[in-house]
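The values are calculated or read from the model by the stated rules, or taken from the named source; none is laboratory data. If you're wondering where the values come from, they're calculated on a predicted model, not measured in any experiment. Here Cβ is always computed from backbone atoms with ideal geometry, including for glycine, and neighbour counts include all displayed protein chains. For the accessible areas, the whole protein counts, side chains as well, though only heavy atoms, and no ligand, DNA or RNA atoms are used. Shrake-Rupley method; radii C 1.70, N 1.55, O 1.52, S 1.80 Å.
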Amino acid sequence: ASTGHSSTSCQSVRESSSDIGNAHLQKFISSSSSVSMLIPTAEAAVRAGRLVSTALLMAMDYKLADYSSMFVPDDGKNQKRDYWEEETSKRRHDLEKTQEHYSRASHHHLPIKERVIAKRKEKEAMILAAERLAEAEEELASIGCRKSAIHQTAANRLLALCRQNGGVYVKVGQHLANLDYILPSEYISTLSSLFDDTPKTSYDDVAAVIEEDLGGKPEAIFDGIEELPMASASLAQVHIAYDKKSHRKLAIKIQHRGLRETSRGDIYALVSVVRLAERIFPDFSYGWLADEIAPHLPRELDFINEGKNAERAAAHLKLTKLDCIVPKIIWENTTPRVLVMEFEEGFKATDTGAMAEVNIRRRDVANLISSVFSSQVFGGPSGWVHCDPHPANVLVRRNNKTGKPQLVLLDHGLYRELDNEFRLRYAHLWKSLMLADLSGIKHACQDLGVGDAYPLFAAVILARPFDEVIERAKKGSLSQNTVSTASKADQVVMRGYAQRYLVQIFELLATLPRQMLLLLKMNDCLRHIDYSLGSPTNTMVVCGRYAAQKVYKDSISDEKASWMDRLVAWKDYMNVLVRIFIHDLGVW
């Protein structure tokens, strides 16, 4: 991908993004009077102050680390530590060089056979460099890496900030925890606790919200309610209760008290900080982050909206015949801040130990998860997509009738409806990515407004180097078989690519259609689950199958299509299904 971008175009992208984000922000803020905004904005300013102070402390931690070695007492491992730190630095540099050479060297002057051999050698050199770096990082971790300790300290500071500030900050922290291929592992493991161990609201506040919204004390409305929450998230927490009439087990989701009001100030502060960051760091465009949060958080805070989302998702999933359950909403006790639903058992989609205990295969789980979300994007009359599938929102259990995994899909606050034109373009892209159809990828990306940055965009979508797509095109293969996506070497390769093109990725995010941003977040969440499962199945092929079906159905339903057009579309679709069948035979 071309990495050259003029400062003028970057500025225009930021201004356009800023206009969109500011419009959302002003619309959100204008829903309250200036007086009602005063206290929440003041509280948000305090939280923003904590953000600034945390950022400064993190910067100081990294700066002081450069001088800390001379003051650290010798623990008997310093000499070995020094060696592996230097070795890690060397091997990281070697990987950067091999990646640069592999990405840029074209060898057009060589005959085709020699060109293929040259590229294969460059690829093998890159993989070897990644394996050597992974080995060095493991050795350093076993000794106690100084940089790892600094990463851990900084991650702990960030975690403390998210927990103390709550709300929007926890939401952002959860999103960062999904960026496995960009952030150091210390950040990922530390911030991942935000999925399970978020700040909790006292039971007194929980009871107050129920009484304010339902007009009675919890004990009067429910047949017992557990005072300790079974789960707590960024926006709400869940308590177990029982229905007074049927005595069925219920899950009650109660919004953190005061969050609806204080979130307005947090969004205002967050957008302001984003705009300031764009001024301080002109090479980066963060406007996409503000555009993602500002318009969608208010909808997430409306549990009536979430209940409607859940029912619409359940209706769609029923049509797909996929084994996925959405808890039934109990409308008589549901309000904008209280959501009551039937309780459904399950464990997190990343809990491989629980999967082994109930004897379900990780491959089947990964395939089912990918199928459910691909069907939401490409299936049905409209693209009604759950955009926040982090592990705590995707539960798994064994279906005793089939012996196969069954999903329980939770937290339906963040959905995006994709228009049909966008879905069709996106389907063409995924179909082309699966088939390694280079011209199809380029054309689909241009239709999506990506332009000449299509190799970078394809790499972002797949979390794989675009060179691998080129190699699959030469082989006619559907398999991404450089190295296992679960291996440390592969993660090192992807982290290296992501860091090299970080500026370009940020600029790309600022230019994408708004519908794409939440899909990218969904992809990050699903990729995190897939990596945690060990990437046991080719999710690209699962998604590509649904995309190809979408393209085919749209082709034959076109009123302007002739019978010959429909025959060609059928033949193309059958060809895709045959290739997938052959691929699956090889996998199994």
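Here the translational diffusion coefficient of region 111-150 follows from Stokes-Einstein with Rh set to the Kirkwood radius across Cα pairs; for 25 °C and 0.890 mPa s it amounts to 203 µm²/s. If you sort HIS583, HIS428 by accessible surface, 1.4 Å probe, largest first, the order is HIS428, HIS583.
Please list log₁₀ I(q)/I(0) at q = 0.18, 0.23, 0.28, 0.30 Å⁻¹ for region 338-397, using the Debye equation with identical point scatterers on the alpha-carbon positions. Per q value, in the given order, log10 I(q)/I(0) is -0.75, -1.01, -1.16, -1.22. Checked against a 28 Å cut-off, the cross-linked pairs LYS200/LYS401; LYS318/LYS401; LYS475/LYS550; LYS308/LYS550; LYS200/LYS249; LYS171/LYS328 give Cα-Cα distances beyond that limit for LYS200/LYS401. State whether region 118-180 is rounded, prolate or oblate according to the following rule on the C-alpha gyration tensor (a ≥ b ≥ c being the square roots of its eigenvalues): a/c under 1.5 gives rounded; otherwise a/b larger than b/c gives prolate, and the remaining case gives oblate. Here region 118-180 falls in the oblate category. Annotation: HIS247 carries an accessible surface of approximately 110 Å², with a 1.4 Å probe and no ligand, DNA or RNA atoms counted.
Diffusion of region 101-251 by Stokes-Einstein, at 10 °C in a medium of 1.306 mPa s and with Rh set to the Kirkwood radius over alpha-carbon pairs, works out to 79 µm²/s. Estimated at 0.36 nm per residue, the fully extended path between GLU114 and LYS474 surpasses their Cα-Cα distance by 128.2 nm. Taking trypsin sites (Lys or Arg not before Pro) across region 521-588, the ones in a DSSP loop with at most 10 further Cβ atoms lying within 10 angstrom of their Cβ are LYS560. Scattering from region 327-439 was approximated by placing one identical point on each alpha carbon and applying the Debye formula without solvent; log10 I(q)/I(0) at 0.11, 0.12, 0.19, 0.20 1/Å stands at -0.48, -0.57, -1.09, -1.13.
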